[in-house]
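Contents: one structure, followed by commentary.
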Amino acid sequence: MKKVLAADRKQFDLVVIGRHGREAVSSFLPAHIADRLVRLCRKPILVTR
Amino acid sequence: MKRILVAVDDSETSLRAVRLAAEIAAASKAELLLAHVLVAPPADLYGLPTPEFQRIQQKVVNEIVTKAAAAAEGVRAETRLLKGKPAEAIADAAVSSNVDLVVVGSRGRGAVTRVLLGSTSDRLINICEKPVLIVH
């Protein structure tokens with residue numbers, strides 16, 4: 001989470017994250033982490049399943 | 001990428017979402033679908049929307065669509081008016097229109113307001129089957 005939020009301070013244009021759907025995929029971020037990132041990150045954020 | 005749906009409303013973040021979507025569309029030769037969800041009208045005694053509300057809503061919708069189309073200048077774009085709960089209507093339109101990406105602005109509500117009212121973007125990332133790009 002801290003690393004991703006560091007994108008706010010760096011020269012990234014976009015943050016891309018995977019998110020759990022109903023069929024959870026273990027390698028993806030848990031839903032609540034994705035939700036928090038969407039709220040906290042100031043860069044455009046692409047959420048995929 | 002062929003089609004990108006952008007949810008538009010009267011906010012500044014919505015216009016930023018359109019501009020970013022237009023940038024992506026231009027780079028990938030995609031077309032934009034500018035979607036606005038109509039607010040449910042207050043009904044009169046007979047359960048019909050009041051003429052005054054309809055007149056104001058029409059004016060507001062025209063302004064929103066005109067601004068959004070201007071922000072998407074140079075990219076092929078069509079407009080669609082949706083009805084229902086915002087997140088659900090956008091998620092349904094994304095599937096029925098077979099878009100490759102959904103772009104929405106986040107209004108940046110405070111924590112308390114967000115808990116009380118929820119957020120369209122929060123809800124959308126939970127229910128939308130398509131990739132969702134949130135613009136702040």
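Angle of helix B:86-96 to the longest C-alpha principal axis of chain B, folded into 0 to 90 degrees and rounded to 10: 50°. Arranged from fewest to most other beta-carbon atoms within 10 Å of their beta carbon, B:ILE127, B:ILE56 become B:ILE56, B:ILE127.
Would you mind classifying chain B by shape? Square roots of the alpha carbon gyration tensor eigenvalues, ordered a ≥ b ≥ c; an a/c under 1.5 is rounded, otherwise it is prolate if a/b is larger than b/c and oblate if not. Walk me through the numbers on the way to the answer.
Values: a/c = 1.74, a/b = 1.36, b/c = 1.28.
Prolate is the answer for chain B, as a/c is 1.5 or above and a/b outweighs b/c.
Modelled label positions at B:ALA26 and B:LYS2, each set 7 Å beyond Cα in the direction of Cβ, lie 2.4 nm from each other. Inter-chain neighbour count for A:38-49: the average number of beta-carbon atoms from partner chains within 10 Å of each residue's beta-carbon is 6. Label sites at B:ASP100 and B:LEU82, each approximated as a point 7 angstrom past Cα along Cα to Cβ, lie 2.0 nm apart. From the alpha carbon centroid of the range B:56-82 to that of the range B:1-52 is 7 Å. Figure legend: label point modelled 7 angstrom from the Cα of B:ILE127 along Cα→Cβ; residues of the range B:1-18 with amide N under 16 Å from it are B:7.
Other protein chain C-beta atoms within 10 Å of residue C-beta, averaged over B:121-129: 4.
Neighbouring Cβ atoms from other chains, within 10 Å of the Cβ of residues in B:94-107, number 1 on average. Computed about the Cα centre, the dipole magnitude for the range B:3-135 is approximately 140 debye when only Lys and Arg (+1) and Asp and Glu (-1) carry charge, each at its Cβ.
FYI, it's all coordinate maths here, none of it is from the lab. Owing to the predicted nature of the structure, the values given are computational and were not obtained by experimental measurement. Cβ atoms come from the backbone with ideal geometry, glycine included; neighbour counts cover every protein chain shown.
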